[in-house]
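The values are calculated or read from the model by the stated rules, or taken from the named source; none is laboratory data. Because the structure is a prediction, the values reported are computed rather than measured. Positions of Cβ are backbone-derived with ideal geometry, glycine not excepted, and every protein chain shown enters the neighbour counts. Only protein heavy atoms, including side chains, enter the accessible area calculation; ligands, DNA and RNA are left aside. Shrake-Rupley method; radii C 1.70, N 1.55, O 1.52, S 1.80 Å.
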Amino acid sequence: MNITREKIVDGIVRNIKIICKELSDPLSQRNKNNYIIPLNITELEIKNILHKIVTGLPVDFFISYSNHVTKSIKEYIVKEYILFQVQEDITSDYFTDNLIYFIYDLKNDINNAIKQNNLLLLCK
């Protein structure tokens, strides 16, 4: 199977939706705008943002390591993205800058865990 950014993004979005559904199931009954609660953005917006994140990260994170390592990296991205997005307003003038800093920090954290051969660093 050929791995593409779209497949990676779709997998990450799927995991985000599962986690958010667990967190907000009672709230989603009243959700008329198809927002993913508690993130308050649509699935299309999440896909667009995550595509930028995945594009901004080294491709090696997704193809050069064992399935266990790449799964840990993707789980880390899911967790960190949810925490990031809950705090951010995509309509803010600073969102783009904050996203760039987020990608930079994400890359450094993952690189650090890989260099130290310690995936537990991604569980912080």
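Among the listed pairs Lys21/Lys107; Lys52/Lys115; Lys47/Lys115; Lys52/Lys74, those with a Cα-Cα distance over 22 Å are Lys21/Lys107; Lys52/Lys115; Lys47/Lys115. Of the whole protein surface, Thr96 contributes about 90 Å² of accessible area at a 1.4 Å probe radius. Accessible surface calculations at 1.4 Å, restricted to protein heavy atoms, place region 32-124 at 62 Å² per residue. Ignoring aspartates and glutamates fewer than eight residues from Lys7 along the same chain, the ones with Cα atoms less than 20 angstrom from its Cα are Glu43, Glu45, Asp60, Glu75, Glu80.
In the chain, the calculated helix contribution to ellipticity at 222 nm averages -22500 deg cm²/dmol per residue, counting -39,500 (n - 2.57) for every DSSP H run with n ≥ 4.
For the chain, the carbon plus sulfur part of the accessible surface works out to 51%, probe radius 1.4 Å. With the convex hull of its Cα atoms as the shape, the chain has an orientation-averaged projected area of 8.0 nm².
Rounded to the nearest 0.05, the FRET efficiency derived from the C-beta distance between Thr4 and His68 at R0 = 22 Å is 0.60.
Relative contact order of the chain, taken over Cα pairs closer than 8 Å and 6 or more residues apart, is 25 percent. In this structure, the amide hydrogen of Thr42, modeled 1.01 Å from its nitrogen in the peptide plane, lies closer than 5 angstrom to those of Ile36, counting only residues at least 5 positions away or on a different chain.
Per-residue extension of 0.36 nm, minus the Cα-Cα distance of Lys47 and Leu121, leaves a gain of 24.0 nm for this segment.
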